[in-house]
Structures are given as C-alpha cells and as structure tokens.
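To start, the structure under review is shown below, and the notes come after it.
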Amino acid sequence: MTTFLQNFKDSSQEFKNVRSLVTAALLIALHTVLAYFVSFQVTPSLRISVSFLANVVTGAMFGPVVGFICGGVGDIVQFVIKPTGPYFWGWTINAALAGLIYGAFLYKKFPRKGKVFDIAFFIRVVLVLVIDTLLVNVLLGTYWVHVMYGKGFAFYLTTRFMKNIIQLPVNIILTYYVLYFVRVIKEKIE
C-alpha cells in the first residue's frame, strides 16, 4: 500500500521537472492529433478512437497525478479543436479518471528489458484495461450518455458494453506494444 501511495507523491513531483512537463504537453498534443485523425463516430453516442494511448503513455511515464490532469486537459483541448457535439463535463471526468487509473497501475512499469513479450506485464495491462473499460467506459460512460440523451440506462449499456468488449483485445495489444516501444525509446534517450 505504501508503494501505491508513494506513486502519487512521486507523480506530483513530476510537475517540478521541466522535461516531464514538456513531454506531458507533447503527449496531450498527440492525444489531440490521434483524436482528430484516428477516430470514427459510429453513432451520436458511440465513437471508436485510439487517442487513449497517449493517456496510457502519460500515466506510465508520469504517474496518476499527471495522468489525471493531462487526461482532463487533453479532453478539453480535443473538444476545442474538434468538437463532436456539445461539450459535456462528464467526458472530461472520464478522461481524467482513465489517466488516473493508467498512472496508478502502470507508473514506471514497462515490459522487462530483453523481452519482447513479458507475460507479467501483459497481465498487468489486461487488468488495467479491463478496469478502465468496465468502470469508466461502460458504467460511467453509459451514465453520461443516459444523462445527455435521456433514454434508458439499459438501452445504452448493451450497445456500449458490446462495443467496448469487442474493442478490448485490440486495445490491450496496442497498449502493450506501445509501452514496449516507449521503454525502448526511453532506453535510447537516457
């Protein structure tokens, strides 16, 4: 438990590091670019995007506090540049909570050096994305759609659940290999 709490303290210290701030800002910009060029609006209440990967990297590199703030800021910047309907603060909360979850469980955790496939890290990624998918995307996201559009919660729950469960394996593989390449890049830089 102390390591978990220490991660929050260490993450808040990242704001004192200029290199961390610049990298986090670039990841927010990447989030916006991915949302702009690699997202598809399926229905008014259903969108497929890979912009979450920038939040994953932010959380893994800088922890839960920076992940939370950058997730929220990234959502606002994304909305300002490419609005996909009216602004709703619930989606900003979702993005911030996702950044918090990624940071809380992936901070300074990457696949082990010398391993292209690290099973222990892969299991960690699966657990983190299942938590994010079920709690943030499915439950909380469904509630926000219900609040915005007024139809029954169960009506949206089935659609959102199916979309997220179908997309989950792809998200897991993308997340694992993006974090693998981030580790490789970090090794070359440092």
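Things worth noting here:
- Of all the listed residues (PHE110, PHE117, PHE88), the sole one being modelled with pLDDT under 95 and buried (at least 18 other Cβ atoms within 10 Å of the Cβ) is PHE110.
- Within the range 45-71, the residues that satisfy the criterion of being crowded, with 23+ Cβ neighbours inside 10 Å and of a type in the set (Gly, Ala, Ser) are ALA54, GLY59, ALA60, GLY63, GLY67, GLY71.
- The number of residues in the range 82-103 that are under 15 Å from LEU174 (Cα atoms) and assigned to a loop (DSSP other than H, G, I, E, B) comes to 0.
- Counting only residues that are touching a Gly at 6+ places or on another chain (Cβ under 8 Å) and under 12 Å from TYR176 (Cα atoms), the range 102-124 holds 1 of them.
- Any hit, the range 166-174, residues being surrounded by 12 or more Cβ atoms within 10 Å (Cβ to Cβ) and in contact with a strand residue (DSSP E or B) (Cβ under 9 Å, 6 or more places away or on another chain): yes
- Within the range 104-158, the set of residues being closer than 22 Å to GLN6 by Cα, in a loop (DSSP other than H, G, I, E, B) and free of Cβ contacts under 8 Å to residues at least 12 places away in the same chain comprises just one member, ARG112.
The values are calculated or read from the model by the stated rules, or taken from the named source; none is laboratory data. Predicted, not measured: the structure shown is a model, and the values here were computed from it. Every residue, glycine as well, gets a Cβ built from its backbone with ideal geometry; the counts of neighbours run over all protein chains shown.
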